[in-house]
Structure formats: C-alpha cells, structure tokens
Amino acid sequence: MAFDSFRDFLAQLEVAGELKRISHPVATELEITELADREMKKPGGGKALLIEQPTINGQVSPLPVAINTLGSHPRMAMSLGLASMDEAAAELGSLMKAKPPASFKEAMKLLGTALDLRHAKPKTVKTGPCKAVIHKFDPPPTHTAPWPPAPDWRAPSTLDPRPSSLLNLPIQKCWPLDGGRFITLPCVVTKDPDTAERNVGMYRMQVYDERTAGMHWQLQKVGARHGRRFYETGTRMPVAVFLGGDPVFTFCATAPLPDGLDEFLLAGYLRKKSVELVKCETNDLEVPANADFVIEGYVDPKEPLREEGPFGDHTGYYSLPDMYPVFHITAVTHRKDAVYPATIVGMPPMEDFYIGSASVKLFLPIFKMNFPEIVDLALPAEGVFHNLVFVSIRKTYPMQAFKIMHGLWGMGQMMFTKFIIVVDADVNVHNTSEVLFRLCANTDPQRDTIFTKGPADVLDHATTDLASGTKMGIDATHKLPGEGHKRGWPPLIKMDEAVKEKIARLSDL
C-alpha cells in the first residue's frame, strides 16, 4: 500500500488505535525522549506519539513531532500496508525462487531483477508537495581554518511557521550528555561519482548551527564509500536529506541492501507503486515528491573534518566523539502540512528493534536460498540491533553449525554481529528463554565455541580497536558423530502424545 503523505499514515494509525496525541507542550530538549522512552518500553512497543506542541527553548513550534511510528510489529506491517511482514517475505521469496541462484552475488542480482519485475522503478516528476515552500541560501565561503566550537542553540525570537533553517525545526536533544541536537531519522541520498548508482542511507546528523550539521556516515557504510571517492578527487559532493513522506522510505533507508541496489526500487516494490521523485533545487539529486522536508546541500572534501558527538546510541551507551564531514545546507523545502518525524535510540528495547526485526523477516528468504538448512533467524532486543543473532537449522552433517556462522558473518551488515548462537530446527529463536536453555544444555564451552576476527561497528565502545573486533560463535545444536562428542546423545524429555491428549480431555471436563 502506498501512502501519499506521512500524515496519511498517521491518520491510519489513529483509526487503528495505534496513535496517541499529546496536546500539551513538550520540550524538544530531553522531554520528548523521556516521553517516548516510556512508551517504547511498554509491552509490544506502546503507541505512536504525535506531539502537537513541541517546544524549542520554551517556544511552541508550529511543526508537530511524530515519534515511535514504526515501534511495534503491527505498526511496522501497517507502514507497508500488510497484516504482517510474513506476507512481504513470502511474496519476495516466491519471486526469487523463479530462478534459484548459485551464489550470494547471483542472489543479490536476482533480487534486483525480482523487484524490477514488479514495475517498481522510480519515476521522475516535475514537482511535488515537498516543493510547497522553498528556501534557498547563498553558499558560504570556503572554510579553511579549524572549526570553532559549536555555538549554543538559539531559538529565534518568533518561530517562523516556515522552517528557513535548522533552527526552526523541532530537532531533539535526546540525552543529557549529547553533544547537541540530532536529526535522528534523516534519509540521506548520495550517488557514486563513478557509476551514478544511488544510495539512501540513514546517518544521524548533529546540528552545529542554522546552516551546518555533522554527517555521521560510518566507515563501512555506502555513503562513506561515496564520500571517499569525492575526497580522492577533491570535488564537492552533493547530498540531499529528506524526512517523512511514505513511511516505507524510512524502512528502506535502514534495510541491509547490497551496495548498488537502489532503495527506491525496494520501496516501489513494497508499496506496489513506483516512487515519484523530484529533482532538488540546488543540486541534481532526486528525492521523493511526497517527502515532508528536504534539506539540500553538500560536503566539501577540502575542508577539515569536525568533531561530532557524543551521542546516546543504540548500544545503550554514549558513542564517543569522533571526526566526521560537515554538511552545508543550500536549500530547505517542505510540505505545507509537514510533520517532523523522529526517533530515539538507547537502552533496548527501542523503535529500532521492530525496524530491524522487519528487515530480518523480509530478507530471510534470501538467507535461506544461500543456506537452505536455515529455519529461522532472530535478532533479540538485548543484542542492540545486530550484536546477537539466534539461528535455527536443520542439521544433517558434522560442523554444519560452524559453516552457518562463517557464512552469516560474510553477509553484508551481519559482519557486525558479535555473537551467533546456532540451535536445532525445533527451537523457537524468538523465545530467548528457549534458546538459552539449549545453550546451557547442549554445549561444552571449549568444544562448541569458536572465535574469529572481523569488522566491528564503529559505535561499539567495547572493541579494543575502532571498527575491528572479535566474534564468537556457539554451536548449541545436538552433537553428531565426528563433532568430538564421544558418548551417546540423549533425547529431549517429551510426554507421550496419547497421554497428553487424554489429560487434555479430562482437563476440559
């Protein structure tokens, strides 16, 4: 299902009883975070919140803030017009099975073909709702001196209903020790200067002042790879950031797509309608015509990097300050009825858990095509997105669990996974208690554990070195001959089915 606007999605959430309106003023400084955190910690993720009177330094903003809109399994499915993510996964899986791939590379190529078969290619239109109000800015002079400290946040004396700069947007300071205010749901559009392939990623943006922000694209992200090519040539890099519009955009910007596969193609497939794109006002990048906000600008490789952070992150800890490129704003455009979309990250569970779970559901068929023994896969909330993975397999030969571990560590963002626990096919990997029971019952720690080295999340403060760390895999499956277990393997305790049925009938009397 395609949503014409972010407001359309919010209206559907309200009809379904999934939206709570907050009519009293709530400060963008810390208070929205506390309100949203309490809601996200409720069973099932609580409700989406529409904050009608967010305040910036005590002054009410004319722009409402929506938060936790994707923070439950039902809302995540509703954002795609589905009853559950299983529907999308089953449909994509059936398309992929039309021509089974022989390798992961071939599977990724086939994924792009499958999406294209659904006529999901984005199309360019002349204009759209995101162009209702346009503010352009003259580019500042080239910056060569070291950056001064970021100025204190200053709200204008009167909040203009038309956001002419970052200072007019209800951007949050999320946690007490954060380095400033951060845009938390920006969809960042960049292009490979060599191939012109587009990428839409999600990289937090610290607001430095009314015209500049940090661009926190991490070392292994596609946006950072694009940036490195511009740094090598010394040419100015165009960047476009959009917020809002169809909620599928937010999901696709976070989805673990392979480098080179257009996120707007996936969005068109999921919404069953091509994404309409409009050209930016000050560069040649394209953004969704129905976005709520578009922030256009550039990164200049000739200027120094600037300190970004600290930031209360999805790890549950503050990520430490580091040096990142500066994003300069050349234009801000927006809808007349714009709603500012936001999220928070921190101690799990948070909204990102449900977004990540949806990604796992959608791409599980691709994992299964490369590893047909996989039954299911889960990223428990305690693993803060990708640190911990549970995977169940149909085990038929010795050392099969270790084969799966190595295979998963080699697949895209799974390279960041610290711990992989492999269990048998009869285990529900979405039940952490069940997995931990098998972990404790079926393992000899030395025999069944492996350690290896690989890339790590740059936000992981626990690794000895930045972006490089150790991974651990544990085989919690039953052991076969040839796996070092020299005794017989006992059966799991189960009651006789006839007895269970008899007692069940007696219990119903």
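Starting from residues that are open to solvent by less than 10 Å² (accessible area, probe 1.4 Å) and not β-branched (Val, Ile, Thr), keep the ones in the stretch 271-284 and report whichever is nearest to His334 (Cα to Cα). Reasoning before the result, please.
Of the residues in the stretch 271-284, the ones open to solvent by less than 10 Å² (accessible area, probe 1.4 Å) are 275, 277-278, 280.
Applying the additional criterion that residues be not β-branched (Val, Ile, Thr) yields 277, 280.
Details: Leu277: 14, Cys280: 12 Å.
Among those that are open to solvent by less than 10 Å² (accessible area, probe 1.4 Å) and not β-branched (Val, Ile, Thr), it is Cys280.
For the stretch 205-238, how many residues meet the condition of being open to solvent by 20 Å² or more (accessible area, probe 1.4 Å) and under 17 Å from Ala467 (Cβ atoms)? Before the answer, list the steps.
Looking only at the stretch 205-238, we keep the residues that are open to solvent by 20 Å² or more (accessible area, probe 1.4 Å), and these are 209-211, 218-222, 225, 228-236, 238.
Then drop every residue that is not under 17 Å from Ala467 (Cβ atoms), which leaves 218-222, 225, 228.
Number satisfying all stated conditions: 7.
Taking the residues in the stretch 348-382 that are in a loop (DSSP other than H, G, I, E, B) and in contact (Cβ under 8 Å) with a residue 60 or more places away in the chain as candidates, determine which candidate is farthest from Gly312 (Cα to Cα). Even if it seems obvious, please write down each step before you answer.
Filtering the stretch 348-382 down to residues in a loop (DSSP other than H, G, I, E, B) leaves 348-350, 371-373, 379-380.
Filter once more, so that each one left must be in contact (Cβ under 8 Å) with a residue 60 or more places away in the chain: 349-350.
On the way: Pro349: 14, Met350: 13 Å.
It comes out as Pro349.
From the list Phe353, Phe311, Phe327, which residue is open to solvent by 30 Å² or more (accessible area, probe 1.4 Å) and touching a Gly at 6+ places or on another chain (Cβ under 9 Å)?
Details: Phe311 fails: open to solvent by 30 Å² or more (accessible area, probe 1.4 Å); Phe327 fails: open to solvent by 30 Å² or more (accessible area, probe 1.4 Å).
Residue meeting the stated conditions: Phe353.
Could you tell me how many of the residues in the stretch 160-192 are assigned to a loop (DSSP other than H, G, I, E, B), at pLDDT below 95 and among the polar types (S, T, N, Q)?
The number of residues fulfilling the criteria is 2.
Just one of Thr477, Thr452 is over 25 Å from the mean Cα position of the chain (by Cα) and not in a strand (DSSP E or B); which is it?
Details: Thr452 fails: not in a strand (DSSP E or B).
The unique qualifying residue is Thr477.
Output the residues belonging to the stretch 186-214 that are under 21 Å from the mean Cα position of the chain (by Cα) and aromatic (Phe, Trp, Tyr).
Tyr203
Here is a list of conditions, (1) outside any strand (DSSP E or B); (2) touching a Pro at 6+ places or on another chain (Cβ under 6 Å), and Cys252 meets all of them except one; can you say which number that is?
Checking Cys252 against (1) outside any strand (DSSP E or B); (2) touching a Pro at 6+ places or on another chain (Cβ under 6 Å), the one that fails is (2).
Of the residues Gly44, Gly81, Gly71, which single one is among the small types (Gly, Ala, Ser), touching a residue at least 24 places away in the same chain (Cβ under 8 Å), under 19 Å from Asp352 (Cβ atoms) and open to solvent by 30 Å² or more (accessible area, probe 1.4 Å)? If you could, list the steps in order and put the result at the bottom.
Values: Gly81 fails: under 19 Å from Asp352 (Cβ atoms); Gly71 fails: open to solvent by 30 Å² or more (accessible area, probe 1.4 Å).
Just a single option satisfies the conditions, and that option is Gly44.
If you scan the stretch 286-308, which residues turn out to be more than 30 Å from Thr33 (Cα to Cα) and either surrounded by fewer than 19 Cβ atoms within 10 Å (Cβ to Cβ) or basic (Lys, Arg) (or both)? Steps first, answer last, please.
Narrowing the stretch 286-308 to residues more than 30 Å from Thr33 (Cα to Cα): 286, 300-304.
Listed by number, the residues that qualify are Pro301, Lys302, Glu303, Pro304.
For the structure I just gave you, tell me whether Asp424 is over 19 Å from Asn370 (Cα atoms), open to solvent by less than 20 Å² (accessible area, probe 1.4 Å) and not aliphatic (A, V, I, L, M). Spell out the reasoning first.
Values: over 19 Å from Asn370 (Cα atoms): no; open to solvent by less than 20 Å² (accessible area, probe 1.4 Å): yes; not aliphatic (A, V, I, L, M): yes.
Here the answer is no, as Asp424 does not meet what is asked.
Within the bounds of the stretch 84-107, is there any residue that is at pLDDT below 95, in contact with a strand residue (DSSP E or B) (Cβ under 8 Å, 6 or more places away or on another chain), open to solvent by less than 70 Å² (accessible area, probe 1.4 Å) and not in a strand (DSSP E or B)? Let's see the steps before the verdict.
Filtering the stretch 84-107 down to residues at pLDDT below 95 leaves 84-107.
Checking the rest, the ones that are also in contact with a strand residue (DSSP E or B) (Cβ under 8 Å, 6 or more places away or on another chain) come to none.
Scanning the stretch 84-107 turns up no residue that is at pLDDT below 95, in contact with a strand residue (DSSP E or B) (Cβ under 8 Å, 6 or more places away or on another chain), open to solvent by less than 70 Å² (accessible area, probe 1.4 Å) and not in a strand (DSSP E or B).
Mind checking which pairs have a first residue in the stretch 408-421 that is over 15 Å from Val458 (Cα atoms) and touching a residue at least 40 places away in the same chain (Cβ under 8 Å) and a second that is in a helix (DSSP H, G or I) and of a type in the set (S, T, N, Q), Cβ under 8 Å, 6 or more apart or different chains?
Final answer for the pair search is Met411/Asn370.
Is it true that Leu35 is farther than 27 Å from Lys361 by Cβ, out of contact with any helix residue (DSSP H, G or I) (no Cβ under 7 Å at 6 or more places or on another chain) and part of a helix (DSSP H, G or I)? Full working, then the answer.
Numbers: farther than 27 Å from Lys361 by Cβ: yes; out of contact with any helix residue (DSSP H, G or I) (no Cβ under 7 Å at 6 or more places or on another chain): yes; part of a helix (DSSP H, G or I): yes.
So Leu35 fits the description; yes.
Just the residues that are surrounded by 24 or more Cβ atoms within 10 Å (Cβ to Cβ) and in a strand (DSSP E or B), please, taken from the stretch 50-68.
Residues satisfying the conditions are Ile51, Pro54, Val65, Ala66, Ile67.
Could you say which residue among Thr195, Thr282, Thr235 is touching a strand residue (DSSP E or B) at 6+ places or on another chain (Cβ under 6 Å) and either in a loop (DSSP other than H, G, I, E, B) or modelled with pLDDT of 95 or more (or both)? So that I can check it myself, show each step before the final result.
Values: Thr195 fails: touching a strand residue (DSSP E or B) at 6+ places or on another chain (Cβ under 6 Å); Thr235 fails: touching a strand residue (DSSP E or B) at 6+ places or on another chain (Cβ under 6 Å).
Only one candidate passes the filter, namely Thr282.
Listed here are the residues, each with its yes/no results for (1) within 25 Å of Gly412 (Cα to Cα); (2) of a type in the set (Val, Ile, Thr); (3) loosely packed, with under 12 Cβ neighbours inside 10 Å; (4) modelled with pLDDT of 90 or more.
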| residue | (1), (2), (3), (4) |
| --- | --- |
| Pro455 | yes, no, no, no |
| Asp460 | yes, no, no, no |
| Asp475 | yes, no, no, yes |
| Pro481 | no, no, yes, yes |
| Pro491 | no, no, yes, yes |
| Lys500 | no, no, yes, yes |
| Leu506 | no, no, yes, yes |
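Mind checking which residues of the stretch 179-199 are under 21 Å from Gly245 (Cα atoms), open to solvent by less than 20 Å² (accessible area, probe 1.4 Å) and in contact with a Leu (Cβ under 9 Å, 6 or more places away or on another chain)?
Ile183, Leu185, Pro186, Cys187, Val189, Thr190, Asn199
Quick one: Arg438 ticks every box in (1) in contact (Cβ under 8 Å) with a residue 24 or more places away in the chain; (2) not aliphatic (A, V, I, L, M); (3) not in a helix (DSSP H, G or I) bar one, so which box is it?
With respect to (1) in contact (Cβ under 8 Å) with a residue 24 or more places away in the chain; (2) not aliphatic (A, V, I, L, M); (3) not in a helix (DSSP H, G or I), Arg438 is out only on (3).
Which condition does Ser433 not pass, out of (1) outside any loop (DSSP other than H, G, I, E, B); (2) small (Gly, Ala, Ser); (3) open to solvent by less than 70 Å² (accessible area, probe 1.4 Å), if it passes all the others?
Only one criterion is unmet by Ser433, namely (3).
Based on this model, can you work out whether Val389 counts as closer than 20 Å to Lys453 by Cα and assigned to a strand (DSSP E or B)? Reasoning before the result, please.
Values: closer than 20 Å to Lys453 by Cα: yes; assigned to a strand (DSSP E or B): yes.
Here the answer is yes, as Val389 does meet what is asked.
The values are calculated or read from the model by the stated rules, or taken from the named source; none is laboratory data. These numbers come from a predicted model, not from an experiment. Neighbour counts run over all protein chains shown; Cβ positions are idealised from the backbone, glycine included. Keep in mind that these areas ignore ligands, DNA and RNA; they rest on the heavy atoms of the full protein, side chains included. Shrake-Rupley method; radii C 1.70, N 1.55, O 1.52, S 1.80 Å.
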